[in-house]
Amino acid sequence: MSIRTVPTQPFDDQKPGTSGLRKKVGTFQQPHYLENFVQAIFNALENGKGKTLVLGGDGRFYNREAIQIILKMAAAAGFGKVLVGHNGILSTPAASCLIRKYAAFGGIILSASHNPGGPHGDFGIKYNTDNGGPAPEKVTDAIYAYSRHLQHYYILEADDVPLDTLGHFQLGKMAIEIIDSVNDYAEMMESLFDFTAIRQLFTGNTFRMRFDAMHAVTGPYAHDIFEKRLGAPAGTVMNGTPLEDFGGGHPDPNLTYAHELVEMLFGAQAPDFGAASDGDGDRNMILGKRFFVNPSDSLAVIAANAHLAPGYQYGLAGVARSMPTSMAIDRVAHALNIDCYETPTGWKFFGNLMDAGRVTLCGEESFGTGSSHVREKDGLWAVVFWLNILAVRQQSVEDILREHWTRYGRNFYTRHDYESVDSNIAKNIMAQLHDNMVTLAGKTFGARRVAYSDDFSYTDPIDGSKSTGQGIRIGFEDGARIVFRLSGTGTEGATLRIYVEAYEADSARHAQDTQDALAELIGIANQISGIREKTGRMEPTVIT
Ligand code: G1P
Ligand code: ZN
């Protein structure tokens, strides 16, 4: 077996976004495209020689081909060993778990998360460092810099590795171990939560749950954890077979795309609890009987009830949320007398805080919740956490939320997404918001006065690194907020996100519909951005 040096030319579009490099499958299938990016990763890593990598993906179209290429390139780069998920499959949180558990040098995760898959769908790749978390910006910047000047990549000439066979293989001098994708992760869940109490919840025969794996990566994990280890009846997990194109669906657990589950939970014979996860298993949606739990609220409820789970019984070091996430968690943190950090969008900004022991729980409004047990958000972890809370409190999801709001007040919250907007129009909207923001302070809109308006920037309290341009914020004197930002994960045109939040202390008004409660602020957001006039869109594509 020999190492081949392949001449190549740089691609100019390999800048990693919010979560790695995401492109259409066709882009990745161009000659040298994937190879260039992988070589750029290896060039950016200092001395991986002899070290161990973790490798796996969400099983989407092109996963297997990509794994074979990466294995041969890792062998050429001199890595000592690669741990690969069975059939090339690992959920993102399971990959993070493995990197930490086996003290790996890092890992490569193949996923475009919640974006559709299949030959015409999306593909993605990202690098995680030895803490198990997404590479910080200094690493992704270095990868990008290498990608712009690549002249060669290196690949071992060898046969493909049988990804469907558990066990040990050799690729040149590099060892490969194909490992069970589920076991280590499921064991970690058992160590964090009260499985005995949850098992009793299911054996009581009155509690019913549905979990929608959306034909994505969590199927095998969910069957094992819910139906085998926790004793939920067979059939609790729906769409549990991972498919390369996610059955043609859009594997994003929200009210729009997880409609099959939503219809069940809002139907006549509704189960007590519903949950779903996304393409790569890091997102979650939580539903009660005819009740939707806003992800920002879910984070706040988990924080307020964390002591009920064995892994968190001694309390939380602190919490963190991304800037556009609602401030519901801030109120819980205040009551618990712990710190609450506000970071830019994207999980990579939580890593340093967790590594330094400053925070235990983190979350984003985009259906992402997690803790320092790994360094990724973790969909199934959130679902099991909720089961633990339900098992101990013996109340319905809705009752738990209503009690929570009565105690802390309610942060009404919504996000309006305008997808596939012409990139220039979207950039222009953001540029105008940026120009106008200085003039907004002190202005009155309806009954509300603007307290501040800025472009969010963040200085990491651990390493001092600074991130600017993270979204335009408009804060009102009564605590309401509007945030505008452009998505960093889309692959078609631009996606403009408008986040709207208002605080309501009066429990007599907590039962209102969210869109009604926020209607005035949504109108203000539309007015300030001019989104309707500039895009010709009268409605957002997705409302969460
Ligand atoms: C989106 C979410 C963000 C999340 C990311 C990866 O990024 O908004 O919270 O971390 O996906 O799952 P965006 O497209 O907004 O850049
Ligand atoms: Zn995801």
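Rounded, prolate or oblate: pick one for the stretch 89-192, where a ≥ b ≥ c are the square roots of the eigenvalues of its C-alpha gyration tensor, a/c under 1.5 means rounded, and failing that, prolate if a/b is larger than b/c, else oblate.
It is rounded, given that a/c, with a ≥ b ≥ c, falls under 1.5.
Leaving ligands, DNA and RNA out of it, work out the accessible area of D130 with a 1.4 Å probe and give it in Å² to the nearest 10.
Around 100 Å² of this residue is reachable by solvent.
Report R100's accessible area, 1.4 Å probe, all protein chains in place, as a number in Å² to the nearest 10.
Roughly 80 Å² of R100 is accessible to a 1.4 Å probe.
Positive end of the charge dipole of the chain (Lys, Arg +1 and Asp, Glu -1 on Cβ, about the Cα centre): tell me which of S113, S2, A77 has its Cα farthest that way.
A77
What percent does the relative contact order of the chain come to when contacts are Cα pairs within less than 8 Å and at least six residues apart?
Over the chain, the number comes to 13 percent.
For Q200 and T439 in the same chain, what is the full-extension length gain: residue separation times 0.36 nm, less their Cα-Cα distance, in nm?
80.2 nm
For the stretch 1-74, with all protein chains present and a 1.4 Å probe, just round the carbon and sulfur fraction of the accessible area to a whole percent.
48
Taking amide H positions as placed 1.01 Å from N in the peptide plane, with prolines and chain starts having none, which residues 5 or more places from L171, or on another chain, fall under 5 Å of its amide H?
When sequence neighbours closer than 5 places are left aside, the close amide H contacts are I176.
At a probe size of 1.4 Å, how large is the accessible area of E419, to the nearest 10 Å²?
Spelled out: E419, probe radius 1.4 Å, area about 50 Å².
In nm, to one decimal, how far is the modelled label at T541 from the one at E492, with both set 7 Å along Cα→Cβ?
With each label placed 7 Å out from Cα toward Cβ, I get 0.6 nm.
Cα centroid distance between the stretch 271-310 and the stretch 503-532, in Å?
Each part's Cα centre sits 23 Å from the other's.
May I ask you to list the aspartates and glutamates whose Cα is less than 18 Å away from that of K49, ignoring any residue fewer than eight positions away on the same chain?
Straight-distance partners of K49: D130, E177.
Ignoring ligands, DNA and RNA, how do K15, K49, K534 rank by accessible area with a 1.4 Å probe, largest first?
Largest to smallest exposure gives the sequence K49, K15, K534.
Quick check for you: with a 1.4 Å probe and neighbouring chains kept, what is the accessible area per residue of the stretch 199-260, in Å²?
Per-residue accessible area for the stretch 199-260 comes out at 42 Å².
Looking at the chain only, what percent of DSSP beta bridges run antiparallel? Nearest 5 please.
70
Just list whichever of K72/K173; K126/K173; K15/K138; K81/K173; K15/K126 have alpha carbons separated by over 18 Å in the model shown.
Too far apart for the 18 Å limit: K126/K173.
Could you name the lysines whose alpha carbon sits less than 18 Å from that of K228, not counting residues in the same chain fewer than 8 places away?
Leaving aside lysines fewer than 8 places away in the same chain, none come within reach of K228.
Could you tell me which of rounded, prolate or oblate describes the stretch 175-311, using a ≥ b ≥ c as the square roots of the eigenvalues of the alpha-carbon gyration tensor, with rounded for a/c under 1.5 and, failing that, prolate when a/b is larger than b/c and oblate otherwise?
Note, shape of the stretch 175-311 comes out rounded.
Could you grab the relative contact order for the stretch 86-135? Cα pairs under 8 Å, six or more apart, rounded to a whole percent.
37
Let me know the shape class of the chain, please: from the alpha-carbon gyration tensor, a ≥ b ≥ c as square roots of the eigenvalues, rounded when a/c is under 1.5, otherwise prolate if a/b is greater than b/c, or oblate.
Verdict is oblate for the chain.
By accessible area of protein heavy atoms, probe 1.4 Å, what ranking do V392, V374 get, highest first?
Order by accessible area, largest first: V392, V374.
Given a Förster distance of 45 Å, report the FRET efficiency between Q29 and E398 from their Cβ-Cβ distance, rounded to the nearest 0.05.
0.45
Rg and Dmax of the stretch 125-179 over Cα atoms: what are they, in angstrom?
In Å, with Rg to one decimal and Dmax whole: 15.3, 38.
Say a paramagnetic label sat at a point 7 Å from the Cα of D130, along Cα to Cβ; which residues of the stretch 313-357 have their backbone N under 18 Å from it?
351-357
The values are calculated or read from the model by the stated rules, or taken from the named source; none is laboratory data. No experiment lies behind these values; they were computed from the predicted model shown. We place every Cβ from the backbone using ideal geometry, glycine too, and count neighbours over all the protein chains shown. Side chains included, ligands, DNA and RNA excluded: accessible areas come from the protein's heavy atoms. Shrake-Rupley method; radii C 1.70, N 1.55, O 1.52, S 1.80 Å.
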